[in-house]
Amino acid sequence: MSAYDKAVTELAQVPLDQYVAERKRLAGELKTAGDKTGARVLGTRPRPPISAWAVNQLYWHARDAFDELLETADRLRKGDLKASGAHREALTKLRQRAATILEDAGHNANEATLRRVAATLSAIAATGDWGEDKPGTIVADRDPPGFEAVGIPAEKVAATIEHAAKPAHEPKHHDGHAKHDGHAKHDGHAKHDDAATKAAKRAAEKEAEREAEERRAAEMAAKKAAEDERKRIAVEKHRLETALRTAKIDLHEHERTVKALEKDLEAAHKKVEKAQELVEDLEQKLEELTN
């Protein structure tokens, strides 16, 4: 496993409220280690929505149930309809465990979040893999390609998810009040469903706004990094150009000095030659006088 993959795996397991700080720290470690590309990619890795984060924690902390979900889904794809009960049970266990994980971490395990957790679990089970992400490191919710992909009718999966959220027993009513209670229950359920739909819509809108804000922040960070790099290159280019001009001037001065010294040396050689000629001439005259 590469240093980048290790960093992604570690980041996926940190508490959600520490995600941004840990992302910055891990990106810094990659940069220090010389992996600038990995540091840049990790630094812009999106913060997952709480539901995707919960699915990651299920992979790391409820592996037995997770493996059971994938195994039963594989059996269903192969035509073993007897696995449907075990598959529903595994999905229900994971959904309940997700609620515990969320509450232990100080998050609200509301119905909208748990529905997204169940949908993502079903999507992973349907395909049998994690797509482009490493197991337990997703940064977005998944939508099942069709529950029938694992041999389970969508209605049954929806019923399983709903059943996990309902009380185990519902009060019985006398036949005399059945019709009245039926209308009351219908109205109550309608109001509850309407409120739940509105709450889910608001939660989805807030989640979309948060993700959009994170994308904008990541884009701004990338632009700033690119601008900083452009400025650094410009400064370095200016420094090198200045150094080159200075070096050329120094070279020209040294060449002039060498030429001047060469002329002086040539003049000195001529003076030496004349001096030698004078010495020889004087020696000859002295010899003639002596003889």
The residue from 59, 19 that alone is surrounded by 16 or more Cβ atoms within 10 Å (Cβ to Cβ), free of Cβ contacts under 8 Å to residues at least 40 places away in the same chain and not basic (Lys, Arg) is 19
(1) over 24 Å from residue 8 (Cα atoms); (2) among the hydrophobic types (A, V, I, L, M, F, W, C); (3) touching a Gly at 6+ places or on another chain (Cβ under 9 Å) all hold for residue 55 apart from (1)
Output for Cβ contacts, cut-off 9 Å, separation at least six or different chains, first residue on the phi < 0 side of the Ramachandran plot in segment 232-249, second in a helix (DSSP H, G or I), reads none
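Every residue, every condition in (1) within 23 Å of residue 2 (Cα to Cα); (2) in a helix (DSSP H, G or I); (3) of a type outside the set (S, T, N, Q); (4) at pLDDT 95 or above, yes or no:
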| position | (1), (2), (3), (4) |
| --- | --- |
| 34 | yes, no, yes, no |
| 60 | yes, yes, yes, yes |
| 64 | no, yes, yes, no |
| 68 | no, yes, yes, no |
| 72 | no, yes, no, no |
| 84 | no, yes, no, no |
| 87 | no, yes, yes, no |
| 91 | no, yes, yes, no |
| query | Within the bounds of segment 101-113, is there any residue that is at negative phi, free of Cβ contacts under 8 Å to residues at least 40 places away in the same chain and touching a Lys or Arg at 6+ places or on another chain (Cβ under 9 Å)? | reply | no
Scanning segment 66-83 for residues that are of a type in the set (Gly, Ala, Ser) and crowded, with 19+ Cβ neighbours inside 10 Å, the one nearest to residue 116 (Cα to Cα) turns out to be 73
Picking from 128, 136, the residue that is in contact with a Lys or Arg (Cβ under 8 Å, 6 or more places away or on another chain) and within 26 Å of residue 5 (Cα to Cα) would be 128
Worksheet entry | So residue 76, is it assigned to a helix (DSSP H, G or I), modelled with pLDDT of 95 or more, in the same structural domain as residue 138 (by TED's automatic domain parsing) and over 17 Å from the mean Cα position of the chain (by Cα) | no
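The values are calculated or read from the model by the stated rules, or taken from the named source; none is laboratory data. The structure presented is a predicted model; accordingly, all values stated were derived computationally and were not measured. Using ideal geometry, Cβ is built from the backbone for each residue, glycine included, and neighbour counts are taken over all protein chains shown.
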